[in-house]
1. What nm value, rounded to one decimal, do you get for the distance between SER27 and ILE73 when each label is placed 7 Å out toward the C-beta?
2. So, counting K/R as plus one and D/E as minus one, what does the shell of residues with Cβ under 13 Å around THR30 add up to?
3. What list of ³J(HN,Hα) values in whole Hz, one per residue of segment 44-52 in order, does the Karplus curve 6.51 cos²θ - 1.76 cosθ + 1.60 (θ = phi - 60°) give from phi, with Gly and Pro shown as x?
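Read-outs throughout are calculated quantities, based only on the coordinates presented, and are distinct from any laboratory measurement. Every value quoted in this text rests on a predicted model; they were computed, and no experiment measured them. As a convention, Cβ positions derive from the backbone with ideal geometry for all residues, glycine included, and neighbour counts pool all protein chains shown.
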Amino acid sequence: MTPATRQEVLGLYRKVLRIAKTWQAASGQTEETMREKEYIRNEARTLFRKNKNVTDPKLIKQCIEECEARIEIGLHYNIPYPRPIHLPPMGLAHKQGRTLRHQEKLRKISKPIYLKSHDEIS
């Protein structure tokens, strides 16, 4: 990891922790705010620790993009949790070959960037 990339990753981590510190739940309830703050901190710790040994520049860039996307979506919708996607069960398969493996491949390709790591840790 280059020093510039390292600084960018550490800056994102600090940014997420600052967001958690000042986070307010949409409902305004204190207990829900505390629960969401704790979720943000735990999610950041888990994902950053999981990816701390990543050395591939493409994978590092993908993780950075995912982090930035989750920050923007979380701040925009005021929801710290990843927004789910809803796809019909066989909505992506071709009419001729509706095999399960092909369907799973298409679902993986169509998954938004901000949900790539969510399924791995959940």
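1. Spacing of the two 7 Å Cα→Cβ label points: 2.2 nm.
2. -2
3. 5, 4, 4, 5, 5, 5, 5, 9, 5
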